[in-house]
Amino acid sequence: MTLEDLYDELSVRLRGYAVSLAHNGETAEDLVQETFLNFLRSLANFRQDASLETYLFTILRHNLVDHFRGR
């Protein structure tokens, strides 16, 4: 599976989650893109204890927290 396939498969659910908390589609899209960038940066740390989807949602949750702290 390529990164593009992964993005296509999971970005809709990630974006939906981000929109439900951030209440802004543009912000949600930015956070989802940042999530995938952070995933690539942390790929060496991915131990596969959880599913890739769970790992991405965890990264997104951290990004959301950082977003709201920065407000």
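The numbers here are math on the coordinates, done by the rules we state, and not lab data. All figures in this text were calculated on a predicted structure; none of them were measured in a lab. Because the Cβ atoms are built from the backbone with ideal geometry, glycine has one as well, and the counts that use them run over all protein chains shown.
Summary table below
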| quantity | calculated |
| --- | --- |
| Label point distance in nm, Glu29-Arg61, each placed 7 Å from Cα along Cα→Cβ | 2.7 nm |
| Among Thr54, Thr27, Thr35, residue whose mean-square fluctuation peaks in a GNM of the chain (springs only between Cα atoms under 10 Å) | Thr54 |
| Residue-by-residue Karplus 3J(HN,Hα) for segment 43-58, coefficients 6.51, -1.76, 1.60, Hz, glycine and proline x | 4, 5, 8, 6, 9, 6, 5, 10, 5, 4, 4, 4, 4, 5, 5, 5 |
| Dipole magnitude (debye, nearest 20) for the chain, charges at Cβ of Lys, Arg, Asp, Glu | 380 debye |
| The chain - mean residue ellipticity at 222 nm from DSSP helices (-39,500 (n - 2.57) per run, n ≥ 4, rounded to 500) | -27000 deg cm²/dmol |
| Max mean-square fluctuation residue, GNM over the chain, Cα-Cα springs under 10 Å, options Arg15, Arg47, Arg61 | Arg47 |
| Helix 25-41 vs. the chain, principal-axis angle (Cα, 0 to 90°, nearest 10) | 30 degrees |
| Max mean-square fluctuation residue, GNM over the chain, Cα-Cα springs under 10 Å, options Leu52, Leu14, Leu43 | Leu43 |
| Nitroxide proxy distance, nm - points 7 Å out along Cα→Cβ at Leu37 and Ala50 | 2.2 nm |
